[in-house]
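Below you'll find the structure, written out as structure tokens, and then a few comments.
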Amino acid sequence: MTDAPIRFLLHPSPVGDVLIAGTDAGLVTLHPLRDPLGQEQERLSRALHTVLEHVDDDPRLTTAARQLDEYFDGERHDFDLELDWRLVRGFTRAALEAVRGIPYGETAGYGDVAVLAGSPRAARAVGTACATTPFSIVVPVHRVVRADGSLGEYGGHPEVKEYLVELERATLARETGRAAGE
């Protein structure tokens, strides 16, 4: 192991425990656990060539946890977090940057994101980028849908994708109702 330890915490959410890991440069990953924590730690340690250090009081990580809570409470539409993109390269980064432009409560097709990322014929690559992102939720890959408008997968958990899309739609509906004086 060659680099400084990566700090992490595990944060509960309505979609399961979320692994939040980062450095002084930003978040390296933020996603709901897909596997047991030990397996996630091992995979991340290998990818980053360093060890992970559990902390509960790192300001960068606790800010991310607070913003996640605000998102799930319907109080936050966008995340204000520095991301450390070291696990993302090439077109994957371009695709994920394009995904960040999909407005809260809306969806876009894989092909639409490919166009926005500068490679109109790369819809499948967009799917791969979304499936392998280290930044779920804060980079809203759940807003990317199939060409026919169906939601599709979400790292093997379509129910999580459905929950996130419906959460955003319900939040917007409540806000629209309040704005209309209902």
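The values are calculated or read from the model by the stated rules, or taken from the named source; none is laboratory data. Note that the structure is a prediction, hence the values are computed from the model and not measured. Please note: Cβ atoms are built from the backbone with ideal geometry, for glycine as well, and neighbour counts cover all protein chains shown. Quick note on the areas: whole protein, heavy atoms, side chains included, nothing else; ligands and nucleic acids left out. Shrake-Rupley method; radii C 1.70, N 1.55, O 1.52, S 1.80 Å.
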- Filter segment 132-143 for residues that are open to solvent by less than 60 Å² (accessible area, probe 1.4 Å) and either free of Cβ contacts under 8 Å to residues at least 40 places away in the same chain or not small (Gly, Ala, Ser) (or both) and give the result. Thr133, Pro134, Phe135, Ile137, Val138, Val139, Pro140, Val141, His142, Arg143
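Of all residues in segment 50-81, how many are part of a loop (DSSP other than H, G, I, E, B) and open to solvent by 80 Å² or more (accessible area, probe 1.4 Å)? Working first, answer last.
Going through segment 50-81, the residues part of a loop (DSSP other than H, G, I, E, B) turn out to be 50-51, 55-58, 73-81.
Those still in the list that are open to solvent by 80 Å² or more (accessible area, probe 1.4 Å) too: 56-57, 73, 75, 78, 80.
Count: 6.
For segment 155-166, state whether one or more residues are open to solvent by 40 Å² or more (accessible area, probe 1.4 Å) and more than 22 Å from Pro14 (Cβ to Cβ). If you could, list the steps in order and put the result at the bottom.
Residues of segment 155-166 open to solvent by 40 Å² or more (accessible area, probe 1.4 Å): 155-159, 162-163, 166.
After this cut, where a residue has to be more than 22 Å from Pro14 (Cβ to Cβ) as well, the list is none.
Looking for residues that are open to solvent by 40 Å² or more (accessible area, probe 1.4 Å) and more than 22 Å from Pro14 (Cβ to Cβ), one finds none in segment 155-166, hence no.
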- Message: Being open to solvent by 30 Å² or more (accessible area, probe 1.4 Å) and under 26 Å from Glu153 (Cα atoms): is that true of Leu19 here?
- Response: no
- Task: Search segment 40-59 for residues that are closer than 18 Å to Phe135 by Cα and modelled with pLDDT of 90 or more and pair each with any residue that is open to solvent by 30 Å² or more (accessible area, probe 1.4 Å) and among the charged types (D, E, K, R) when their beta-carbon atoms are under 8 Å apart and the residues are at least 6 apart or on different chains.
- Result: Glu40/Arg34; Arg43/Asp35; Leu48/Asp3; Leu48/Arg86; Leu52/Arg7
- Criterion: open to solvent by 30 Å² or more (accessible area, probe 1.4 Å), assigned to a loop (DSSP other than H, G, I, E, B) and within 18 Å of Trp85 (Cα to Cα) - qualifying residue of Ala47, Ala4: Ala4
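Just checking, which of Thr107, Thr92, Thr132 is in contact with a strand residue (DSSP E or B) (Cβ under 7 Å, 6 or more places away or on another chain) and not basic (Lys, Arg)? Before the answer, list the steps.
Values: Thr92 fails: in contact with a strand residue (DSSP E or B) (Cβ under 7 Å, 6 or more places away or on another chain); Thr132 fails: in contact with a strand residue (DSSP E or B) (Cβ under 7 Å, 6 or more places away or on another chain).
Thr107 is the lone residue from the list that is in contact with a strand residue (DSSP E or B) (Cβ under 7 Å, 6 or more places away or on another chain) and not basic (Lys, Arg).
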- Message: So in segment 82-101, with the set limited to residues that are in contact with a helix residue (DSSP H, G or I) (Cβ under 8 Å, 6 or more places away or on another chain) and in a loop (DSSP other than H, G, I, E, B), which one is most open to solvent (accessible area, probe 1.4 Å)?
- Response: Glu82
- Message: I'm told Pro120 meets every condition in (1) part of a loop (DSSP other than H, G, I, E, B); (2) at pLDDT below 95 except one. Can you identify the failing condition by its number?
- Response: (2)
- Query: Between a first residue in segment 118-131 that is within 26 Å of Pro32 (Cβ to Cβ) and a second residue that is in a helix (DSSP H, G or I) and aromatic (Phe, Trp, Tyr), which pairs have beta carbons less than 6 Å apart while being 6 or more apart in sequence or on different chains?
  - Reply: Ala123/Tyr110; Ala125/Phe91; Val126/Tyr110; Gly127/Tyr110
- Item | Among the candidates Arg146, Arg169, Arg174, residue that is without any contact (Cβ under 8 Å) to a residue 60 or more places away in the chain, open to solvent by 20 Å² or more (accessible area, probe 1.4 Å), at negative phi and not acidic (Asp, Glu) | Arg146
- Message: Give all pairs with beta carbons closer than 8 Å in which a residue from segment 87-105 that is at positive phi meets a residue that is among the basic types (Lys, Arg); count only pairs at least 6 apart in sequence or on separate chains.
- Response: Gly105/Arg169
